[in-house]
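The structure appears right after this line, and notes come after that.
The values are calculated or read from the model by the stated rules, or taken from the named source; none is laboratory data. Owing to the predicted nature of the structure, the values given are computational and were not obtained by experimental measurement. Cβ sites come from the backbone with ideal geometry, for glycine too, and all protein chains shown count toward neighbours.
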């Protein structure tokens, strides 16, 4: 922490603030969550933007706010509809936590997003970054909002050689932001740091000649901007082999299954699937046995229609896809539904299972 303190001393903080904020006011992108400073909209946008690109988020944000324009609307919304609104964005724990936290805000704070660090940080899914973003952008409170973008920018500006993959390193950058942030315009300052990281100070090939704060950048002056930030690599992804089946009944309805309320892709709907632990190729009869053991269902597999791959941050799914038949006497429940392909529009499915639908439709055209 001592090194970055010394480098802050090399900077005219007021001039740095002026250069950064002036650039932001002139060059900022027009984004739907910037149209006002509604704390709820800021909150939704920041949750959506975690691990997701801005261009991807925009249509989802617009639809989400259209469906749930206020905290009260979201707090009283059905879980399945909330998941449907998020369908395709991934990292579904984000929206489950958001929904839970919004219910608390509606009940405990009369629908008003808290404006103190202690209260807002107590909400489910609201970490230090999200709390700082809401407090600074929506309420004008000079709190740090430190994400990967901000750590990358400041590691270069202040020549910080700490590993940003380590959780403990965040405190170094939060301390730096507390010293650099504009108390008059904290919203613009924090957004400007984020915008600079998104548009100019990019992970590779930063556009230093276009940078509004290049004169203040220690990394640029030392010629090490492309070496920073220091970030250790994560562990490699684990590969999981699965078999999924599009199972029809006598009337052509499709059987779908709701995942557990805990764990990966919780509460989303899917086609029945089982994990294969044996490395050998299984016969259809053996796969049918796995479905019977897992779900107590007797299915007749028809044919294999192909394979899809879906990549998560920590694992890879290789899914072999079959079609199959089962008697319509298989009973519906909270976890099992018979639906038409048109009915599926009302249920939230993970991207991997949308890929299965596409594979199925492509096979029908052949």
_Residues within the range 48-72 that are in contact (Cβ under 8 Å) with a residue 24 or more places away in the chain and assigned to a helix (DSSP H, G or I), tallied_ = 11
*Taking residue 158 and the conditions (1) buried (at least 22 other Cβ atoms within 10 Å of the Cβ); (2) touching a residue at least 60 places away in the same chain (Cβ under 8 Å); (3) closer than 30 Å to residue 39 by Cα, which numbered condition does it fall short on, given that it satisfies the others?*
(3)
*Does the range 257-264 contain at least one residue that is over 31 Å from the mean Cα position of the chain (by Cα) and surrounded by 10 or more Cβ atoms within 10 Å (Cβ to Cβ)?*
no
_Residue that is nearest to the chain's Cα centre (by Cα) [pool: residues in the range 302-319 that are loosely packed, with under 15 Cβ neighbours inside 10 Å and touching a residue at least 60 places away in the same chain (Cβ under 8 Å)]_ = 313
_Subset of the range 130-172 (residues that are assigned to a helix (DSSP H, G or I) and closer than 21 Å to residue 208 by Cα)_ = 148, 149, 150, 151, 152, 153, 154, 155, 156, 157
_Yes/no for residue 75 being under 25 Å from residue 350 (Cα atoms), within 17 Å of the chain's Cα centre (by Cα), touching a residue at least 12 places away in the same chain (Cβ under 8 Å) and surrounded by 15 or more Cβ atoms within 10 Å (Cβ to Cβ)_ = no
*Complete set of residues in the range 265-281 that are surrounded by fewer than 15 Cβ atoms within 10 Å (Cβ to Cβ) and either touching a residue at least 40 places away in the same chain (Cβ under 8 Å) or closer than 16 Å to residue 302 by Cβ (or both)*: 266
*Quick one: in the range 331-352, of everything that is part of a helix (DSSP H, G or I) and closer than 25 Å to residue 312 by Cβ, which residue is nearest to the chain's Cα centre (by Cα)?*
351
_Just to be sure before I move on: is residue 228 assigned to a strand (DSSP E or B), within 28 Å of the chain's Cα centre (by Cα) and in contact (Cβ under 8 Å) with a residue 40 or more places away in the chain in the structure I sent?_
no
*Output yes when any residue across the range 186-209 is more than 28 Å from the chain's Cα centre (by Cα) and assigned to a loop (DSSP other than H, G, I, E, B), and no when none is.*
no
*Could you tell me whether residue 221 is touching a residue at least 24 places away in the same chain (Cβ under 8 Å) and either outside any loop (DSSP other than H, G, I, E, B) or over 30 Å from residue 148 (Cα atoms) (or both)?*
no
_Name the residue that is surrounded by the most Cβ atoms within 10 Å (Cβ to Cβ), counting only residues in the range 113-145 that are farther than 20 Å from residue 186 by Cβ and touching a residue at least 12 places away in the same chain (Cβ under 8 Å)._
123
*Restricting the range 257-281 to residues that are out of contact with any helix residue (DSSP H, G or I) (no Cβ under 7 Å at 6 or more places or on another chain) and either outside any loop (DSSP other than H, G, I, E, B) or not assigned by TED's automatic domain parsing to the domain that holds residue 357 (or both), the residue that is modelled with the lowest pLDDT*: 275
*State yes or no: is residue 102 under 18 Å from the mean Cα position of the chain (by Cα), part of a helix (DSSP H, G or I), touching a residue at least 12 places away in the same chain (Cβ under 8 Å) and closer than 24 Å to residue 186 by Cα?*
no
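When you go through 364, 355 one by one, which is the residue that is in a helix (DSSP H, G or I) and within 28 Å of the chain's Cα centre (by Cα)? Even if it seems obvious, please write down each step before you answer.
On the way: 364 fails: within 28 Å of the chain's Cα centre (by Cα).
The conditions single out 355.
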*asked:* Looking at the structure I just gave you, is residue 327 surrounded by fewer than 12 Cβ atoms within 10 Å (Cβ to Cβ) and without any contact (Cβ under 8 Å) to a residue 40 or more places away in the chain?
replied: no
